[in-house]
Amino acid sequence: MKIIILGSGIYSGTPKPLCDCENCSRARKYPQYKRTRFSMYIPKIKALIDPSPDLHYHLERLNMPVKHVFITHAHFDHIGGLPELQIFKHIKLYAHAKTLEVAEYLQKRFVGESRWNWEYFPLEFNRWYDFGFKVYHFKVAHQPIEVAGGFIIQIGNKKIVITGDTGPEILEDKKTLEEISNADLLVAEMTHKHSIPKTHLGVEDAIKLAQKVRAKKTVFVHISHTNYTHEELEEKAKEYLIARDFMHLEI
Ligand SMILES: [Zn+2]
Ligand SMILES: [Zn+2]
Ligand SMILES: [Zn+2]
């Protein structure tokens, strides 16, 4: 099964406008180091995870239809591109009820309602749902937002885990670790060099999470321009993959 990482960066992207750090300078010179805001796509079920503010660029380059939309949380870098989905008359959106409130507002304000048949499916945390594929939404610590979560999406016998933005507290969350273990693919955030409690994972803790989950394949995403360079991250996380925009994965 193919998975496509559409965007591998944080809210500011890389390069961040006006920033002269090593990663931003390199990305201005060499486009392969650019990171658009995090998003991914599962062709098998036409599912988009997190409509980022770069969604128009992602969809234009992807050129594939979207039927299902999963939203990890309502930070703008994960939901801000939602109005771009107006090219699809019928989609199904899955997230926590609080996150869906923001999605519905964006639809009402920027898309309209009468000609769009968008269906909203609020998901409670720590419960399996069956929509033809199976979905489990788990809560993560990600201040200052009140509600943020990750997803397990099970398609046939393939189990895909997406952490979304999460603090290192996920390493102590026994119930979630049990559910997400032994996935076929772990898509984990690795925002900074060092973890920020209740906010984001650093390099060391992201690797610790991968070691605990023991997925067949692990890819690190949501990488800040302030993190190490792509090559340094590859060196530090040798057994795992460091995402680039439009990276194609086979699971
Ligand atoms: Zn984010
Ligand atoms: Zn920078
Ligand atoms: Zn966030």
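The values are calculated or read from the model by the stated rules, or taken from the named source; none is laboratory data. As the structure is a computational prediction, the values presented were derived from the model and not from experiment. Because the Cβ atoms are built from the backbone with ideal geometry, glycine has one as well, and the counts that use them run over all protein chains shown.
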Among the residues listed as Lys89, Lys29, the single one being away from ligand 1 (no atom under 16 Å from the Cβ), in contact (Cβ under 8 Å) with a residue 12 or more places away in the chain and surrounded by fewer than 17 Cβ atoms within 10 Å (Cβ to Cβ): Lys89
Only one of Glu113, Glu119 that is over 15 Å from the mean Cα position of the chain (by Cα), away from ligand 1 (no atom under 16 Å from the Cβ), of a type in the set (Asp, Glu) and modelled with pLDDT of 95 or more: Glu119
Odd one out for Pro53 among (1) surrounded by 19 or more Cβ atoms within 10 Å (Cβ to Cβ); (2) out of contact with any Phe, Trp or Tyr (no Cβ under 7 Å at 6 or more places or on another chain); (3) not aliphatic (A, V, I, L, M): (2)
Any hit, the range 34-44, residues being modelled with pLDDT of 95 or more, within 19 Å of Arg244 (Cβ to Cβ), within 16 Å of ligand 2 (Cβ to nearest atom) and among the β-branched types (Val, Ile, Thr): yes
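Looking only at residues that are assigned to a helix (DSSP H, G or I) and of a type in the set (A, V, I, L, M, F, W, C) in the range 183-206, which one is farthest from the chain's Cα centre (by Cα)? Can you show your working first?
Within the range 183-206, the subset assigned to a helix (DSSP H, G or I) is 203-206.
Keeping just the survivors that are of a type in the set (A, V, I, L, M, F, W, C) gives 203, 206.
Numbers: Val203: 17, Ala206: 14 Å.
Looking at residues that are assigned to a helix (DSSP H, G or I) and of a type in the set (A, V, I, L, M, F, W, C), I get Val203.
Of all residues in the range 200-251, which are over 20 Å from Thr166 (Cβ atoms) and of a type in the set (Ser, Thr, Tyr)? Before you say what the answer is, go through the steps one by one.
Restricting attention to the range 200-251, the residues satisfying the condition of being over 20 Å from Thr166 (Cβ atoms) are 216, 229-232, 234-235, 238-239, 244-251.
Listed by number, the list holds a single entry, Thr229.
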